[in-house]
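Asker: Here it is, the structure, as structure tokens.
Throughout, read-outs are computed from the coordinates displayed, never taken from laboratory work. Everything numeric in this text was worked out from a predicted model, so none of it was measured. Using ideal geometry, Cβ is built from the backbone for each residue, glycine included, and neighbour counts are taken over all protein chains shown.
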Amino acid sequence: MGAALLLMATLAWAKPPLESVLGPSAVVPTANERVEYQPKAQPNAEALANPDALARDPSKLVAFLEANPERMRVNQMEPALVMTIAQILVDSTKLFLAEKMLTEGTTHWPNRPDLKRALGRILIRLGRPAAARRALSAAVVLAPSDAESHYLLGRAAIRCEPFTDALQDEAIKAFETTLSISPTFTDGQVNAAEIESQLKALKRRRVLGPKGADAR
């Protein structure tokens, strides 16, 4: 019996105080100190029609669209609003939502090259270069003087597998057209000098073959 009591006393002594495990007890605020919970207001119809208002609070818009995907119906919007919302979604890393919206936008407005270009850019980021190439090929037909669309088409072409000679020639033509339209073209961190370097590598690959040079 004495040994059992000694063991119990030892365990009780070794057990950490409850406060060190759970932390200090919370102080319950008084009735006068309590604040009523106010849920965040969702964007109303007027806000959803105003790109500037949406851009001022993009996180609220993204949360709203994730909870209410039915509000992304593009047939209730103007193309400029679709572009604005898609860019906000991209900036919030919601690429699949942006892709969905732009895919519907390109279907609803098939003659808008800006929507096709934006969709192509997202598809490249999503690792779907073949789908991006289809969208961007249509974009450069609709807007042949748009350097950005030609550049993105080149980017999509060099990412396609298998990388055939036809795709190689398409990429070369796309990058050459980009620089022909805009000799000082830039896109994010990519500038004209880097596109020139890419072109040289592609042309070297055309001469030496895929085993002789890696242009990608």
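Asker: What distance in nm separates the simple spin-label points at Ala201 and Asn111, each placed 7 Å from Cα in the Cβ direction?
Answerer: Placing both labels 7 Å along Cα→Cβ, they lie 4.0 nm apart.
Asker: Quantify how much of the Cα-Cα distance distribution of the range 61-140 extends past 23 Å, in percent.
Answerer: Counting every Cα pair in the range 61-140, those more than 23 Å apart make up 13 percent.
Asker: I've got another one for you. Say a paramagnetic label sat at a point 7 Å from the Cα of Asn75, along Cα to Cβ; which residues of the range 97-113 have their backbone N under 13 Å from it?
Answerer: Counting backbone N atoms under 13 Å from the label point, the list is 104-105, 107-109.
Asker: Calculate, for Thr164 and Asp91, the FRET efficiency according to 1/(1 + (r/R0)^6) with r their C-beta to C-beta distance and R0 35 Å; round to the nearest 0.05.
Answerer: 0.50
Asker: If packing is taken as the mean number of other Cβ atoms within 10 Å per residue, what is the order of 110-119, 91-100, highest first?
Answerer: Answer by packing, highest mean first, reads 110-119, 91-100.
Asker: Near Arg133, within a Cβ-to-Cβ distance under 9 Å, what is the net charge of the other residues, with Lys and Arg +1 and Asp and Glu -1?
Answerer: After counting each charged neighbour, the total is +1.
Asker: Mind sorting Met72, Met101 by how few other Cβ atoms lie within 10 Å of their own Cβ, fewest first?
Answerer: Working: Met72 19, Met101 26.
By the 10 Å Cβ count, ascending, the order reads Met72, Met101.
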